[in-house]
1. If Val17 passes every condition in (1) β-branched (Val, Ile, Thr); (2) at pLDDT below 80; (3) surrounded by 10 or more Cβ atoms within 10 Å (Cβ to Cβ) but one, which one does it miss?
Amino acid sequence: MGSFSIWHWLIVLLIVVMVFGTKKLRNMGGDLGGAVKGFKDGMKDGATSDTATTTPPAQVSGNPAADKSTIDVEARQKS
C-alpha cells in the first residue's frame, strides 16, 4: 500500500505518452538537457572569471562627488 508497483508506473507512463506524444516529450527532454549544459558551462565560466584579478575603478579626481562608482538618485513622488 505504501509504494507503487511497476504496473502502476507503466500505466502512468502510458497516460503521459498518450497526452503529450513522443515528439513533444523528446523536444522537452532535449530542451532540458540543453538548459542543464548551459547552466554547467555558465557556472564553469563564472568560476574562472571570479578568480581573475580585477582592478577597482580609478577615481577621476580627489572630489568624491566625481566618483563614477557612486550613483546619485533623486526620488520623486507620483502625482
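1. (2)
A quick yes/no check of all residues on (1) at pLDDT 90 or above; (2) of a type outside the set (Val, Ile, Thr); (3) out of contact with any Lys or Arg (no Cβ under 8 Å at 6 or more places or on another chain); (4) not in a helix (DSSP H, G or I):
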residue: Gly29; (1), (2), (3), (4): no, yes, yes, no
residue: Lys40; (1), (2), (3), (4): yes, yes, yes, no
residue: Asp50; (1), (2), (3), (4): no, yes, yes, no
residue: Ser61; (1), (2), (3), (4): no, yes, yes, yes
residue: Ile71; (1), (2), (3), (4): no, no, yes, yes
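The values are calculated or read from the model by the stated rules, or taken from the named source; none is laboratory data. Nothing here was measured: the structure is a model prediction, and the numbers come from that model. Here the Cβ is made from the backbone with ideal geometry for all residues, glycine too, and neighbour counts use every protein chain on show.
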